[in-house]
Amino acid sequence: MNSSTFPPVSWTGIDDVVIVGGGLAGLFCALKLSPRPVTVLAAAPIGQGASSAWAQGGIAAAVSEGDTAESHLSDTLAAGAGLVDERIARMMVEEGPARIDDLLAYGVPFDRDLEGRLALSREAAHSTRRVVRVRGDMAGRAIMEALIAAVRQTPSIRVMEGYVVEDLVSEGRYIAGVVARPDAGRATQRVTFPARAVVLCTGGIGHLYRVTTNPFEARGGGMGMAARAGAVIADAEFVQFHPTAIDVGRDPAPLATEALRGDGATLVDRDGHRFMLDLHPDGELAPRDIVARGIFRQVQSGKGAFLDCTRAVGARFPEIFPTVYGYCKEAGIDPVHDPIPVVPAVHYHMGGILTDAQGRTSLDGLWAAGEVTSTGAHGANRLASNSLLEAVVFAARIAEDIQGLLPTPKLNDWGGLSEESDDVFTIEDSPPLKRLRAIMSDKVGVVRERGALVAAIREIAELQAAGNRLRFANIVATAKLIAVAALKREESRGSHYRSDFPETAPGRPSRSYLTLQDADAVIRDIAG
């Protein structure tokens with residue numbers, strides 16, 4: 001906990017809005033709520049435990065003279081494979097330019113051309129250049145640095161760093177606060193924070209898998225915590241694998257940004273064959289799920305997959321893509337002259353806590369924004385760089401909704417210490433978590449089929465039965481929901497690919513909705 005983030009001594013109690021998560025969605029929501037007093041609970045120092053800071057490509061928005069919200073919507077709908085909620089997506093892309101203006105006002109140094117206009121990149125499945133970036137591949141870091149500086153300068157925002165939220169407090173049908181563990185989750189004594197409004201911005205699920213680009217903290221705890229409280233989870237089966245994680249054995253895996261392929265880099269096998277042209281007319285710029293499966297099959301076959309940037313980028317690599325260049329050099333790879341070995345890695349979860357256009361969940365008093373949610377904006381496959389856009393659009397909408405519903409802030413007394421627990425945080429994966437990551441990667445991964453999914457669900461149920469730790473219970477709940485949703489969807493669509501149902505089902509597609517009670521019923525059927 002950083003004492004410098006506390007407000008002045010005149011602060012007389014805990015405010016009525018608690019935001020869980022110190023990533024882009026959480027900080028942006030806190031800033032939009034200003035000058036209303038809010039508390040942000042972050043497991044790690046803000047900016048360090050969030051996937052937002054690692055985003056390389058940038059944020060998609062129709063801000064160029066030749067681009068339109070309709071074009072951005074069309075690309076979003078196409079990438080989402082029939083499951084995008086068009087009303088939600090339209091709202092998101094229409095509000096995008098205003099949120100870019102907000103970020104500029106907060107000091108984000110987006111790249112500009114010689115005439116002072118925003119410099120834009122093109123990424124996979126976009127019909128034009130519309131990705132606003134910072135120094136080529138440093139957008140996430142730069143956005144987070146600017147927002148952190150703004151938050152530090154806003155006296156109405158109190159940041160409590162090193163507080164791992166483990167449970168929601170329910171009073172009847174209302175969520176009335178959270179229970180958190182101080183000292184980065186290492187303390188045995190837990191603390192209750194009462195609240196009239198709780199906003200979950202806890203990030204994604206990448207660390208449930210063996211190979212991921214996400215930070216350690218992205219283990220699905222927020223989604224599982226909400227599900228355990230009774231929240232409806234939507235589209236849990238749709239897990240996006242980034243095609244081009246750098247295959248050097250690191251955890252998390254460093255990412256070779258999609259912007260490299262947007263600038264002409266190609267995917268080749270060991271013999272130099274450009275294999276993506278055999279699979280899709282757009283080649284390397286095909287939708288991410290197609291590229292991920294193409295690379296997966298190459299790696300499985302032993303032919304390998306490599307991102308060749310030597311011709312398209314070449315000597316400009318260190319200047320244009322400094323982050324990726326640094327990753328490669330650390331691994332002993334010279335991307336100016338040598339192809340980069342790549343492998344698919346879990347990158348983003350389109351599923352999550354079901355929310356409406358205002359970020360409200362199915363539980364009263366609980367809002368959610370960012371990757372922990374399923375708004376319907378991404379459908380079955382997220383369009384590149386729409387994730388940061390979704391985070392800021394819905395964070396702003398939540399702030400507006402809370403202000404409208406609860407116009408008068410109320411300061412609550414500190415809830416005080418809760419019961420003791422020996423569920424102590426460790427930086428290394430526990431044996432059960434290692435087993436869970438292996439199960440998810442081997443049986444609920446890039447390619448899925450019924451036998452493996454049933455086996456995964458049984459093994460996850462065994463882990464759940466053997467464990468009695470609250471934090472792990474949240475994680476297991478999320479894994480269970482993903483596996484059950486994948487079993488129930490007997491088709492291939494977007495990021496969800498079933499080798500036993502390789503075709504997309506005819507007729508009007510439908511989103512999936514699950515509660516933990518629903519998932520447990522499926523498990524009973526399998527066991528019975």
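Per-residue extension of 0.36 nm, minus the Cα-Cα distance of residue 524 and residue 336, leaves a gain of 62.2 nm for this segment.
When the trypsin sites (Lys or Arg not before Pro) in region 162-269 are filtered for DSSP coil states and for at most 16 other beta-carbon atoms within 10 Å of their beta-carbon, the remaining sites are 173, 186, 250. Local charge sum around residue 268 (other residues, Cβ-Cβ under 9 Å, Lys/Arg +1, Asp/Glu -1)? My count for the surroundings of residue 268 gives -1. Prolate is the label for region 423-527, because the ratio a/c of its alpha-carbon gyration tensor axes (a ≥ b ≥ c) is 1.5 or higher and a/b is greater than b/c. With the Cα gyration tensor of the chain giving a ≥ b ≥ c as the square roots of its eigenvalues, does the rule (a/c under 1.5 for rounded; else a/b larger than b/c for prolate; else oblate) give rounded, prolate or oblate? Judged from the Cα gyration tensor, the chain comes out oblate (a/c at least 1.5, b/c at or above a/b).
Could you please rank 349, 337, 280, 242, placing first whichever residue has the fewest other Cβ atoms within 10 Å of its Cβ? If you can, show how the numbers build up before the last one.
On the way: 349 31, 337 11, 280 14, 242 27.
Taking fewest neighbouring Cβ atoms as first place, the list is 337, 280, 242, 349.
Principal axis analysis of the Cα atoms in region 245-346 yields extents of 32, 27, 24 Å, listed in decreasing size.
Set the Förster distance to 25 Å, then compute FRET efficiency between residue 508 and residue 78 from the Cβ-Cβ distance, nearest 0.05. Computed FRET efficiency for residue 508 and residue 78: 0.90.
With the simple model of a label 7 Å out from the Cα in the direction of the Cβ, residue 434 to residue 149 spans 4.3 nm. In the chain, the DSSP-assigned H stretches of four residues or longer account for a calculated mean residue ellipticity at 222 nm of -10500 deg cm²/dmol, using -39500 (n - 2.57) per stretch and the full residue count as denominator.
In the structure shown, do any of 32/434; 32/329; 32/410 have a Cα-Cα gap over 28 Å, and if so which? Could the numbers behind the result be given before it?
On the way: 32/434 39 Å; 32/329 40 Å; 32/410 18 Å.
Table pairs above 28 Å Cα-Cα are 32/434; 32/329.
Within the chain, the longest run free of exposed loop sites, counting GluC sites (Glu not before Pro) that sit outside DSSP helix and strand states (H, G, I, E, B) and have at most 12 other Cβ atoms within 10 Å, spans 116-427.
A straight chain from residue 114 to residue 312 at 0.36 nm per residue would run longer than the Cα-Cα distance by 69.1 nm.
Note on residue 517/residue 454: beta-carbon distance plugged into 1/(1 + (r/R0)^6) with R0 of 22 Å gives a FRET efficiency of 0.65.
A cut-off of 5 Å between modelled amide H atoms, ignoring neighbours fewer than 5 places along the same chain, links residue 40 with 19, 158, 159, 160.
In percent, how large is the relative contact order of region 244-346, given Cα pairs closer than 8 Å and 6 or more residues apart? Relative contact order of region 244-346: 35 percent.
If R0 is 60 Å, the Cβ-Cβ spacing of residue 447 and residue 408 corresponds to a FRET efficiency of close to 0.65.
Every read-out reported here was derived from the displayed coordinates using simple, explicitly stated rules and does not represent laboratory data. Since the structure is predicted, the reported quantities are computational estimates derived from the model, not experimental observations. Every residue, glycine as well, gets a Cβ built from its backbone with ideal geometry; the counts of neighbours run over all protein chains shown.
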